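> Dumping the structure here so I can ask a few things about it.
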Amino acid sequence: TFIFTDKEDEELSSKGYNMEVTGCQTDHSQQALSCKMSSEYDGFMASDKRWFCHVDDDNYVNPGGLLSLLSTFPQEGDIYVGKPSLDKPITAHELLDRNKTMNVQFWFATGGAGFCLSRRLAEKMSPWASGSNFERTSAKIRLPDDCTVGFIVEKMLGIPMVHCPFFHSHLENLLLISQRSLPQQVTLSYGMFENKMNSIDVKGSFSKEEDPSRFRTVHCILYPSTSWCPPFT
């Protein structure tokens, strides 16, 4: 696991995590988000890992669910798997020469829910994603990082996204996720949805005041032998 951050974080560094400082702007503009994703992509390509899985810092990742999902795909496949937040492909306006534009449609996996790319596919993305190319591609369609990944995979490479229901962002109603389905889930999130706190509804030893995201409760249901989990969850 690698943590990509825009600024140095001494507390995290002191705990021995693999830290990468992007030097990107800290806002959520198209340019800043694409800068961060570009750093993540280049970091992955410089590694020997087989899968590039992006998640935000407000996600819970279930390692068991993630490994189960990835094990269903061929190791040498061109895999782009995640969950869209839209019910139809997005329409972008691709910038062409002489200030002309062309409408393009494609699916993209919502970055706030997380997504995974196989190494073989990530390597094929290089002409549009490596170094400064990712930010240039993002500027070409004037959309942020997660949309840019979808554009590269579906439009530039012609490879369809794999839609998976086990990735979740705060943009959906998390109350609809059942507790018994937790082992299958890959990511969870939390946040405000329609002016209410939006988090998975699970029962355990932590109250909602102690654990508003419900992530600690979820973790202790899935991995009860964790040292900080109460004896009964």
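> Please specify each residue of the range 88-141 satisfying the condition of being under 20 Å from the mean Cα position of the chain (by Cα) and among the charged types (D, E, K, R).
Once the filter is applied, which keeps residues that are under 20 Å from the mean Cα position of the chain (by Cα) and among the charged types (D, E, K, R), the range 88-141 yields K88, R119, R120, E123, K124, E135.
> Right, something else. Specify which of the listed residues (I152, I200) is buried (at least 19 other Cβ atoms within 10 Å of the Cβ), out of contact with any Ser or Thr (no Cβ under 8 Å at 6 or more places or on another chain) and at pLDDT 95 or above.
That would be I200, the only listed residue that is buried (at least 19 other Cβ atoms within 10 Å of the Cβ), out of contact with any Ser or Thr (no Cβ under 8 Å at 6 or more places or on another chain) and at pLDDT 95 or above.
Results for (1) surrounded by fewer than 19 Cβ atoms within 10 Å (Cβ to Cβ); (2) assigned by TED's automatic domain parsing to the domain that holds I141; (3) among the polar types (S, T, N, Q), shown as yes or no for each residue.
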residue: S178; (1), (2), (3): yes, no, yes
residue: L188; (1), (2), (3): no, no, no
residue: E194; (1), (2), (3): yes, no, no
residue: V218; (1), (2), (3): no, no, no
residue: P231; (1), (2), (3): yes, no, no
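> Identify, from the list L117, L175, the residue that is closer than 23 Å to L66 by Cβ and without any contact (Cβ under 8 Å) to a residue 40 or more places away in the chain.
The match here is L175.
> With the condition kept exactly as written, say whether any residue in the range 49-65 is of a type in the set (S, T, Y) and not in a strand (DSSP E or B).
Scanning the range 49-65, I find no residue that is of a type in the set (S, T, Y) and not in a strand (DSSP E or B), so the answer is no.
The values are calculated or read from the model by the stated rules, or taken from the named source; none is laboratory data. Source: prediction; values computed, not measured. All Cβ positions, even for glycine, are placed from backbone atoms using ideal geometry, and neighbour counts span all protein chains on display.
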